[in-house]
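Shown next, in structure tokens, is the structure this report addresses.
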Amino acid sequence: MISDGDFIRLSYTAKLEDGTIVDTTDEEVAKEHGIYNENARYGDIYAVIGKGHILPGLEEDIKGKEVGYKGTVEIPPEKAFGEYNPELKDTFSINRFKERPEIGQRVRIGDRIGTVERIVGRRVIVDFNHPLAGKKIIFEYEIKEKLEKPEDKIKALFVIHTGIDVKDVKIEGEKAIVEVSSDVYLNQLFLIGRYRAVKEIFEATDIKEIEIIERFEREQELLKLGEELKETEKEEASEEEKEESESEEKEESKEEA
């Protein structure tokens, strides 16, 4: 039976009352319904019950269930993304934005993220309600697994807080050695999220020390370098073609003159 503190792995598809799918762990479903995000991580997600990793209404429904459970739950706004608050709107000068915003665009203002609702002259009205605020969300979900090994819990916490699947985790006494790919330090989410992951690892396990290491493999790095060089060559060739085209256009203009 699932209870507070349990680490679980689950899959889900979330939809509105009219059947519109708004989120899913299934890549094919996302593509089919036009919500695919190439930067998103698809596949089962992890959650620690009682830690707020998933919506309150979904977490409440999961408690008391067993691994293997498949079901549907309707979550009211107050236990999903909150009631819609008309006061959560603000107006900004268009000069506040680096590029001209568009209606419907998601923007960050300070530490807040909102949606551009209207543009009136040089004033931009931004709605800071969650896009799904005030809506009932219907979840179809399956509880796939309850994690027991500390290695699996550590991997799960890195996915939860950084969106990254670590390559390997080894436990040596009270020390955890976490191996990551060589490019994760270019990922801003990883740089910020690793601290939250480490904090929860200390809280949820008997681990006293965590070492995060990068592994560079010769063949993999050479392959990556080759791909980067090819991309650079393409960009240079494209730039040369552009310059040649502009030069030819100038010559033609001179001849016509």
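The table below gives the values:
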quantity: Euclidean distance of C-alpha centroids, region 22-80 and region 169-186, integer Å; calculated: 27
quantity: Under Karplus coefficients 6.51, -1.76 and 1.60, residue-wise ³J(HN,Hα) of region 56-65 in Hz, glycine/proline x; calculated: x, x, 6, 4, 4, 6, 6, 4, x, 7
quantity: Pair residue 20, residue 213: separation of 7 Å Cα→Cβ label points (nm); calculated: 5.0
quantity: With DNA, RNA and ligands ignored, accessible area of residue 33 (1.4 Å probe; Å², nearest 10); calculated: 90
quantity: FRET efficiency for residue 94 and residue 232, using Cβ-Cβ distance with R0 set to 25 Å, rounded to 0.05; calculated: 0.10
quantity: Estimated [θ] at 222 nm from DSSP helical runs (n ≥ 4, -39500 (n - 2.57)) normalised by residues in the chain, nearest 500; calculated: -10500 deg cm²/dmol
quantity: Spacing of the two label points (7 Å from each Cα toward its C-beta) at residue 136 and residue 78, in nm; calculated: 1.5
quantity: Convex hull projection area averaged over all views, region 137-221, Cα basis, nm²; calculated: 7.5
quantity: Which of 72, 162 is most accessible, then next, and so on - probe 1.4 Å; calculated: 72, 162
quantity: Residues with amide H under 5 Å from that of residue 212, placed H, sequence gap 5 or more; calculated: 178
quantity: Residues in region 118-133 reached by a label modelled at residue 87 [backbone nitrogen below 17 Å; 7 Å Cα→Cβ]; calculated: 127-130
quantity: Spatially close lysines, pair count over region 1-108: Cα under 25 Å, gap of eight or more or interchain; calculated: 16
quantity: Accessible surface of region 14-58 [probe 1.4 Å, protein heavy atoms]: carbon and sulfur percent; calculated: 40
quantity: Gain on full stretching of the segment that runs from residue 35 to residue 195 - 0.36 nm per residue minus C-alpha separation; calculated: 54.6 nm
quantity: Region 1-121 - Kirkwood radius from inverse mean 1/r over Cα pairs (Å); calculated: 17.4
quantity: Accessible surface, 1.4 Å probe, highest first, among residues 202, 158; calculated: 202, 158
quantity: Rounded accessible area per residue of the chain, 1.4 Å, Å²; calculated: 65
quantity: Debye intensity ratio I(q)/I(0), log10, region 87-176, q values 0.12, 0.17, 0.18 Å⁻¹ (C-alpha model); calculated: -0.65, -0.81, -0.84
quantity: 201, 103, ranked by accessible area, largest first (probe 1.4 Å); calculated: 103, 201
quantity: Kirkwood-based Rg to Rh ratio, the chain, C-alpha trace; calculated: 1.08
quantity: Fraction in percent of alpha-carbon pairs per bin - 5 Å, region 1-67; calculated: 3, 15, 25, 20, 17, 13, 6, 0
quantity: Amide proton proximity set for residue 23, modelled H, under 5 Å, gap of 5+; calculated: 14
quantity: P(r) weight above 13 Å for region 73-122, C-alpha pairs, percent; calculated: 67
quantity: Accessible-area value, residue 63, 1.4 Å probe, nucleic acids and ligands omitted, Å²; calculated: 80
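The values are calculated or read from the model by the stated rules, or taken from the named source; none is laboratory data. What you see is a predicted model; the values in this text were computed from it and never measured. Positions of Cβ are generated from backbone atoms using ideal geometry, with glycine treated the same way; all protein chains shown enter the neighbour counts. Please note that ligands, DNA and RNA were not included when accessible areas were found on the heavy atoms of the full protein model with its side chains. Shrake-Rupley method; radii C 1.70, N 1.55, O 1.52, S 1.80 Å.
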